[in-house]
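Below is one structure, written out as structure tokens, with a few remarks after it.
The values are calculated or read from the model by the stated rules, or taken from the named source; none is laboratory data. The structure presented is a predicted model; accordingly, all values stated were derived computationally and were not measured. FYI the Cβ positions are ideal-geometry reconstructions off the backbone, even for glycines, and counts take in every protein chain you see. Note: areas computed on protein heavy atoms with side chains; ligands, DNA, RNA excluded. Shrake-Rupley method; radii C 1.70, N 1.55, O 1.52, S 1.80 Å.
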Amino acid sequence: MSAAAIRHIAVLKGGPSSEHEVSLRTGAAIAEALRSSPRGYEVTEVVVEGRDFVLPPNVDFVFIALHGTFGEDGEVQSLLEKRGIPYTGSGIAGSRIAFDKEASKDLFRSIGVPTPEGFILAKGATFPPEFPLPVVVKPSRQGSTVGMSFVFEKSEIDAALDKAWQFDDRTLVERYIKGREFTVGILGDEALPLVEIVPKHGFYDYQNKYTAGATDYFCPAELDRAVAGHIQELALKAHRVLCCAVYSRVDVLLDAAGHPYVLEVNTIPGMTATSLLPKAAAAAGLSFRQLCERILDLSEAVAVQNKFRSALT
């Protein structure tokens, strides 16, 4: 199959996770972009509520626009592979690893990618009093800052843990890094221009992330070229060590001393026309429609490679 042979694309959106509404917006934007393509795609939007979603007949390819649980954790990828239907983005293994912050951080450390010091607390466990504050507390397996808290006082610890445990039985606690926040889009083997994230008030939590006008974004980020290049290099290493494919978005902090720390890799980042990955792609000269087409082309190439490997085994 070639890109020219792909005629009917199903865009999966919604999903059963806490990021359902965000996913609906991502899916609608992707579908609109693909319909505007001169390639003449037929595009069907499929709202997913659970594992029993139904695809329309004669679908050639699935564009996954499901954020969080079920979309980014390898589950929908596994279902699609069992159905023999190719899809966009990372495969089962890369999706599962990247969605698990504990596993991700272990792999970052294994290749020397700096990441904040931290540990995992199982549900009901006690916070170790010797670990210094401030810290960031978040579910090990969630996205979009869901269930995340910043803890500066001992009196805030229990509430932060209870909040995180609502979304996962395992909670990541990591040292709070004060500094500038960036995100790096990965497209194929290329790191896109950095986006700097600057909340107008407080921290880049769920509210500031999804409230219009609450956060300023600067792309390309105003940063020394060598520092920006080093951050891009680390982002690519993080993307690769987690076995990610096609595209992702890597979140990075830069402390006051100029030391970068990789936080996590998002395998299905927001994809509305105003989301961060499209901003980075635009800075690299790609329109939103071209970005969607590029993701489709790269994913189709991966699907062909996987099919060839399977035929040889």
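With every protein chain kept in place and ligands, DNA and RNA left out, what is the accessible area per residue of the chain? Probe 1.4 Å, answer in Å². Write down the numbers at each step before the final one.
Working: 13890 Å² over 313 residues.
I get 44 Å² per residue for this part.
Round to a whole number: what % of the accessible area of the stretch 107-205 belongs to carbon and sulfur, probe 1.4 Å? Each step should come with its number before you reach the end.
Values: 2370 of 4630 Å².
Accessible surface attributable to carbon and sulfur in the stretch 107-205 totals 51 percent.
Taking a straight Cα-Cα cut-off under 23 Å and skipping sequence neighbours fewer than 8 places away in the same chain, the lysines within cross-link reach of LYS101 are LYS123, LYS138, LYS163, LYS178, LYS209, LYS237.
Across the options THR26, THR44, LEU107, the greatest Cα extent toward the positive end of the charge dipole of the chain (unit charges at beta carbon of Lys, Arg, Asp, Glu) belongs to THR44.
Size of the dipole of the chain about the Cα centre, Lys and Arg at +1 and Asp and Glu at -1 on the beta carbon, nothing else charged, in debye to 20? Walk me through the numbers before you get to the answer.
On the way: 32 positive and 39 negative charges, 116 e Å.
Charge dipole of the chain: 560 debye, to the nearest 20.
Below 8 Å between Cα atoms, with a sequence gap of 6+, how large is the relative contact order for the chain in percent? Across the chain, relative contact order equals 19 percent.
Give the shape of the stretch 73-148 as rounded, prolate or oblate, defined through the alpha-carbon gyration tensor: a ≥ b ≥ c are the square roots of its eigenvalues, a/c under 1.5 means rounded, and otherwise the shape is prolate if a/b is larger than b/c and oblate if not.
Values: a/c = 3.06, a/b = 2.05, b/c = 1.49.
Since a/c reaches 1.5 and a/b is larger than b/c, the shape of the stretch 73-148 is classed as prolate.
Within the assembled protein chains, the solvent-accessible surface assigned to ARG170 is about 100 Å², based on a 1.4 Å probe. The charge dipole of the stretch 5-140, taken about its Cα centre with unit charges on the Cβ of Lys, Arg, Asp and Glu (plus for the first two, minus for the last two), comes to roughly 200 debye.
Which percentage, to the nearest 5, of the DSSP beta bridges contained in the chain is antiparallel? Percent antiparallel among DSSP bridges in the chain is about 75. So for the chain, taking the charge dipole from beta-carbon charges (+1 Lys/Arg, -1 Asp/Glu), which of TYR261, GLY179, SER275 sits furthest toward the positive end? Sorting the options by dipole projection puts first SER275. Taking a sphere under 11 Å around the Cβ of CYS219 and counting the other residues whose Cβ falls inside, with K and R at +1 and D and E at -1, yields a net charge of -2.
How much net charge surrounds VAL146 when only the other residues with a Cβ under 9 Å from the Cβ of VAL146 are counted, with Lys and Arg +1 and Asp and Glu -1?
On the way: positive: LYS138; negative: GLU19.
Local charge sum for VAL146: 0.
Centre-to-centre separation between the Cα atoms of the stretch 12-77 and those of the stretch 202-272: 24 Å.
The Cβ shell under 11 Å around SER248 holds other residues with a net charge of -1, Lys and Arg each +1, Asp and Glu each -1. Only protein heavy atoms count here; under a 1.4 Å probe, GLU190 has an accessible surface of about 100 Å².
For the stretch 188-284, with only Lys/Arg (+1) and Asp/Glu (-1) charged at the beta-carbon, what is the dipole magnitude about the Cα centre, in debye rounded to 20? Once rounded to the nearest 20, the dipole reads 200 debye. Here the stretch 216-313 has 55 percent of its accessible surface on carbon and sulfur atoms, given a 1.4 Å probe and all protein chains in place.
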